[in-house]
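Structure first, commentary second.
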Amino acid sequence: MKAFRFILALLLSTSFSSGAMAADVVKIAVTGPFSGGSAPMGVSMRDGVKLAVTQINQKGGINVGGKTMKIELIERDDEGKNDRGALIAQEISSMGDIAAVIGTVNTGIAVMGDKYYVEKGIVKIITPAAGSASMTQWCIAGATDLPIFRFAAHDGIQAQMVVEQATKMGCKNVAILHDATNYGVSGRDDLVKQIQKQGGRLKVVAIEKFAIGDKDMTGQLIKARAAGAQALLIWGIGPELAAVASGKQKLGFRVPMIGGWTLSMSNFIDTAGPSGNGALMPQTFIEDESIARARSFIQAYHKAYGVTRIPSPVSAAQGYDAALLLAEAIREAGSTRPSNVKASLDNLKVTVKGTITDWKKPWSKWDPSNVETHEAFRRTNTVMGKVQNGRVVLANPADRIVLEGKMLKN
Amino acid sequence: MNTEFLALAQMAVGGGLMGMAYALVAYGFQLTHAAGKAVNFGQGELVMLGAFAGLSLSTAALPYWVSVSGAMAVGAALGWFVERTAVRLALQQRNEGWILLTIIVGLFAVSAAENIWGREDKPFPTPWPEGALEFFGISVTWPELAIAAGALGIMTLVELAKRYTMAGIAVQAVSADQDAAELCGIRSRSAISLSWAISGMSAAFAGTIIAPVTTVGPTMAASLTLKAFSVAVVAGLDSSFGLLLAGIALGATENISGFLLGSGWREAPGLILLILALALRPQGLFGKKIIRKV
């Protein structure tokens, strides 16, 4: 009888492998740009998620309502293009057996595509897209029940830090440079809002924009210099940020460049070379093995993907922690049904030890009048990073305790 | 000097230097048009492939000059290949199929580059020093100077070769009158192949000098073909000196209009100038009116 059962199981698993598997796995979709200008963030995020999933599966999987299930990832490359991202969201939300989605780098894609998830009630953890609009759109729409959660230091926090930094460095006049995408435009608005909020101590003397693909930024920089800017506050992605840095060097315009966390992208750091040194940006994670909490993750990532430097450390760490949190939510829900997963993400009981910090109830029940209910990061989780000879280091060594996780969010 | 003027001068100089790269690509059009009466509408993609070839060779730790020469050899081979596969047959059949065929070869090149090298923009290493030089308050970087020197250098070399080598004179003879040249014992087919190879070589070289300024990516040449073609048409298809002037003028106009009107308007005035030039002097600003006697 035992032998018969074994043969039957064997037959089933070979001939109907896909059908038999479907019931025993938790399907999680990972979407993001795995090619194009935003690829360092997309690829690092995906690889961070994969690393967490591999580790969970090696231990057997997730205990879902008494049954141990392995996680299966479904990957989709949105190429950073809004229309493609929206198509992928439609595809995934119609699959029917997806437990949750992790991903999205480009704010425009969250704005165009997330409605399909909301319609079907599918849980999505947005990481690492930071543009404010991807969450505030649901406040404006007045959504009462939201399955979208963010796991990234949103631009509101980042703009606050950038303005604080410029003030701390003694700047009076600043220029804002931004790209013409949803991300750049909403970053500009966040900066202007923050400057007012912090008492208007900074004066914006120039606001200049540039397009994706622009290589020559001298025009914008000449105007910023002529207006007397003492710092550039900048919102864009890698290749164009690099063009700004080299234009600055060409003109001998030596003012600090402070901007969104995209200044930590490898395609900024590599293309800008020495001209990128000193650029400042908010970070939730620093690739520094001397930080005890981060060490094992960094080493595992380097080993798994054969690199000595993570293309976008923040994306990788956020992807990793997001996957851990999602796995815990599915365990607590005891089900892979999106509505149950959402309910347990709203109210996580167990503190999850991540590589960024100890996550103690990162989200709470959605309230459209308070976007922070579905935002995991606060100002206290975030530090200033600085580009130095091809890597991102802590701008302020005293911030090390934040990354060690000794300052828990309140 | 007042700052407003200085800013405009800075924009004009930066644009003009980049415009010399347009001129070099346009020169490739001129070469093949003279000999074979056809041009490669995938010329921009040859620029891109040349840049990638140079990048691959220099990541293989070859010295800069070897990588550039290697890229030029690849470009020459590709130019020859385009003529052989996309142009010759169409011209023999006296149809205009080569226009579409060269565009198709260009599209293939983009797909191939995406699959071989990926879609990311990559920096192109050079031995030039970091930082910029300043002339009368105008900053110029070493890679920008390299574009000017490279474009002038390669065009001068090819022009000299056209005048003082046997092969060059043969190409000129074929340009003037293919049948008469053949009666003198010149193999016009080889002469045309040679001009396509030289055209491909100059495109690849253009790629290696543009790339340090713009970075290398499969779409780096997306608008380059059109701009270079405008330069070739405005200058006329038989004056290499005119090409340089038209290239510099287009590059400078683009930069200045981007500065004054906003970066979205960069391309517009250049295109308006193109239309005006075509309306007023259809043979090109520096072109000769060809009188055909029947």
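The values are calculated or read from the model by the stated rules, or taken from the named source; none is laboratory data. Everything numeric here is computed off the predicted structure, so don't read it as measured data. Glycine gets a Cβ as well: all are built from the backbone with ideal geometry, and neighbour counts include every protein chain shown.
Looking at the structure I just gave you, is B:Ser58 part of a helix (DSSP H, G or I), surrounded by fewer than 24 Cβ atoms within 10 Å (Cβ to Cβ) and either within 14 Å of chain A (Cβ to nearest Cβ) or under 19 Å from the mean Cα position of the chain (by Cα) (or both)?
No.
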* Asked: Which of (1) loosely packed, with under 13 Cβ neighbours inside 10 Å; (2) within 24 Å of A:Asp216 (Cβ to Cβ) is the odd one out, the single condition B:Lys122 does not satisfy?
  -> (1)
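Does A:Lys361 satisfy being among the basic types (Lys, Arg), surrounded by 21 or more Cβ atoms within 10 Å (Cβ to Cβ) and closer than 24 Å to A:Ser132 by Cα?
When the stated conditions are applied, A:Lys361 does not pass them.
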* Asked: What about B:Thr215, is it buried (at least 21 other Cβ atoms within 10 Å of the Cβ), polar (S, T, N, Q) and under 22 Å from B:Ala7 (Cβ atoms)?
  -> no
* Number of the exception - A:Met217 against (1) buried (at least 24 other Cβ atoms within 10 Å of the Cβ); (2) assigned by TED's automatic domain parsing to the domain that holds A:Thr104; (3) among the aliphatic types (A, V, I, L, M) -> (2)
* State whether one or more residues within the range A:197-205 are crowded, with 21+ Cβ neighbours inside 10 Å and closer than 24 Å to A:His374 by Cα. => no
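Could you check, for the range B:137-145, whether at least one of its residues is farther than 25 Å from B:Thr214 by Cα and of a type in the set (Asp, Glu)? Full working, then the answer.
Let us first name the residues in the range B:137-145 that are farther than 25 Å from B:Thr214 by Cα, namely none.
No, because not a single residue in the range B:137-145 is farther than 25 Å from B:Thr214 by Cα and of a type in the set (Asp, Glu).
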* To do: Scan the range B:213-236 residue by residue and report those that are polar (S, T, N, Q) and either in contact with an Asp or Glu (Cβ under 6 Å, 6 or more places away or on another chain) or over 18 Å from B:Ala86 (Cβ atoms) (or both).
  => B:Thr214, B:Thr215, B:Thr219, B:Ser223, B:Ser230
* Can you tell me which residue within the range B:220-240, out of those that are surrounded by fewer than 21 Cβ atoms within 10 Å (Cβ to Cβ) and modelled with pLDDT of 85 or more, is farthest from B:Thr126 (Cα to Cα)? => B:Val233
* Asked: Looking at B:Ile210, B:Ile198, B:Ile256, which one is away from every other protein chain (no Cβ under 14 Å), part of a helix (DSSP H, G or I) and either of a type in the set (A, V, I, L, M, F, W, C) or farther than 24 Å from B:Thr85 by Cα (or both)?
  -> B:Ile198
* Which one of the conditions (1) within 16 Å of the chain's Cα centre (by Cα); (2) in a helix (DSSP H, G or I) does B:Arg189 fail to meet, given that it meets all the rest? -> (1)
* **Odd one out for A:Thr336, checked against (1) in a loop (DSSP other than H, G, I, E, B); (2) surrounded by fewer than 18 Cβ atoms within 10 Å (Cβ to Cβ); (3) of a type outside the set (D, E, K, R)** => (2)
* Asked: From the list B:Ala21, B:Ala34, B:Ala77, B:Ala26, which one is within 14 Å of chain A (Cβ to nearest Cβ), touching a residue at least 40 places away in the same chain (Cβ under 8 Å) and either of a type in the set (Ser, Thr, Tyr) or not in a loop (DSSP other than H, G, I, E, B) (or both)?
  -> B:Ala21
* Scan the range A:208-248 for residues that are assigned to a helix (DSSP H, G or I) and either in contact with a Phe, Trp or Tyr (Cβ under 9 Å, 6 or more places away or on another chain) or more than 11 Å from chain B (Cβ to nearest Cβ) (or both) and report the count. => 17
* Asked: Which numbered condition trips up A:Asn267, out of (1) at pLDDT 90 or above; (2) within 14 Å of another protein chain (Cβ to nearest Cβ)?
  -> (1)
* Structure fact -> The number of residues in the range A:251-264 that are surrounded by fewer than 24 Cβ atoms within 10 Å (Cβ to Cβ) and either in contact with a helix residue (DSSP H, G or I) (Cβ under 6 Å, 6 or more places away or on another chain) or within 12 Å of chain B (Cβ to nearest Cβ) (or both) is 4
